[in-house]
Amino acid sequence: MSTLEASMPPALSSPRSAARGNVPVFIAAAALVFGAASLTSVVSLRQAALFLVGGLAGVVLYHAAFGFTAAWRVFISDRRGAGLRAQMLLFALTSLVFMPALGDGRLFDHAVRGAVAPLSVGLLVGAFMFGGGMQIAGGCASGTLYTAGGGNTRMIVTLLAFIAGSVIGVAHQPMWQNAPSHPAVSLIQVFGPMTALVISLALFAAIAWITMVLERRRHGAVVGTLTGPAGPPAPDGHRWLRGPWPLVAGAVGLAAVNIATLAIAGRPWGVTSAFALWGSKVLDAMGVPVATWPYWATRTAELRASV
């Protein structure tokens, strides 16, 4: 839909222009259905289900303009905390299902496991590099994918750099693994799932409360509620089809995506490991012996299999 059409009041937006605006939606939906059907026949029904969950994640991220990096940047620079409060809601809703499920080791009668790793020098260095890169690029891993998919060509460059950086990290993995580290800590293992849930919810609530205090101190009032829209609604009122969605809808939608991923894949939602795989497969096709890298020693099947 053009800028002119988007500025037209509902009464002046013609059915023909509305139909044209729906064409990309139908094409995307058809691509998702075709992709899921292909994966069902070539790989498995489980992989097809994960493909659809990934598509839903993209829809939610794009329509809610749900950012992880930008929310922190906006709060630090301008003390606006609506985005951070939406993140805390997302984490709280997800934890309500994750904590009991991970404590029990099963969800919907399927085995599940968490993503727990040591607290290491590599983690600290990587976190600061990751954060700095995200601020320069204007997007995190998921943000880079959905904005590039939404047509932002600048983020395609970011995606390529993201893949290159992931491959460099994989190549240097032994060095970071041998760096000083503290054993992994899981609140569920230390305190039990219910206490871990209470601690997590209290932390999320505290962060949300701090954002409100500091925002009120800077601006005199808390602006940008969770139920408010991310922008002006679609001119024909089809907000749920074309966006923008309220932040609360993004938080609820991403919580559902997280839970679905855990139930189907047996592990939490992750993005960045795919970048290392894509880049390594490209180098492998060019003759670089990436299969000899320690990282891929136990993942040879992933490296050899189809994307």
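The values are calculated or read from the model by the stated rules, or taken from the named source; none is laboratory data. For clarity, every value in this text was computed on a predicted model and none was experimentally measured. Note: ideal-geometry Cβ built from the backbone for every residue, glycine included; neighbour counts use all protein chains shown. Please note that ligands, DNA and RNA were not included when accessible areas were found on the heavy atoms of the full protein model with its side chains. Shrake-Rupley method; radii C 1.70, N 1.55, O 1.52, S 1.80 Å.
Select from the range 242-276 the residues that are on the phi > 0 side of the Ramachandran plot and among the hydrophobic types (A, V, I, L, M, F, W, C) and list them in ascending order. Within the range 242-276, none qualify.
Kindly establish whether residue 66 is in contact with a helix residue (DSSP H, G or I) (Cβ under 9 Å, 6 or more places away or on another chain), among the aromatic types (Phe, Trp, Tyr), surrounded by 19 or more Cβ atoms within 10 Å (Cβ to Cβ) and farther than 26 Å from residue 186 by Cα. In short, yes.
The set of residues in the range 257-283 that are within 14 Å of the chain's Cα centre (by Cα) and part of a helix (DSSP H, G or I) comprises 257, 258, 259, 260, 261, 262, 272, 273, 274, 275. If the condition is being in a helix (DSSP H, G or I), open to solvent by less than 60 Å² (accessible area, probe 1.4 Å) and under 28 Å from residue 262 (Cα atoms), then the range 134-154 contributes 134, 141, 142, 143, 144, 146, 147, 148.
Scanning the range 224-231 finds no residues that are closer than 30 Å to residue 177 by Cβ, in contact with a helix residue (DSSP H, G or I) (Cβ under 7 Å, 6 or more places away or on another chain) and either modelled with pLDDT of 85 or more or not β-branched (Val, Ile, Thr) (or both).
Which number in (1) closer than 26 Å to residue 24 by Cα; (2) part of a helix (DSSP H, G or I) marks the one condition that residue 86 misses? The number of the failed condition is (1). Contact annotation: residue pairs with Cβ atoms under 6 Å, 6 or more positions apart or on different chains, pairing a residue in the range 132-147 that is under 20 Å from residue 278 (Cα atoms) and touching a residue at least 40 places away in the same chain (Cβ under 8 Å) with a partner that is assigned to a helix (DSSP H, G or I) and open to solvent by 20 Å² or more (accessible area, probe 1.4 Å), are 139/147; 140/134; 141/272; 146/58; 146/62. For the range 275-307, give me each residue that is open to solvent by 30 Å² or more (accessible area, probe 1.4 Å), at pLDDT below 90 and of a type in the set (A, V, I, L, M). Answer for the range 275-307, where residues must be open to solvent by 30 Å² or more (accessible area, probe 1.4 Å), at pLDDT below 90 and of a type in the set (A, V, I, L, M): 297, 301, 305, 307. Assessment of the range 113-128 against the conditions (surrounded by 15 or more Cβ atoms within 10 Å (Cβ to Cβ), in contact (Cβ under 8 Å) with a residue 24 or more places away in the chain and in contact with a Gly (Cβ under 7 Å, 6 or more places away or on another chain)) yields no matching residue.
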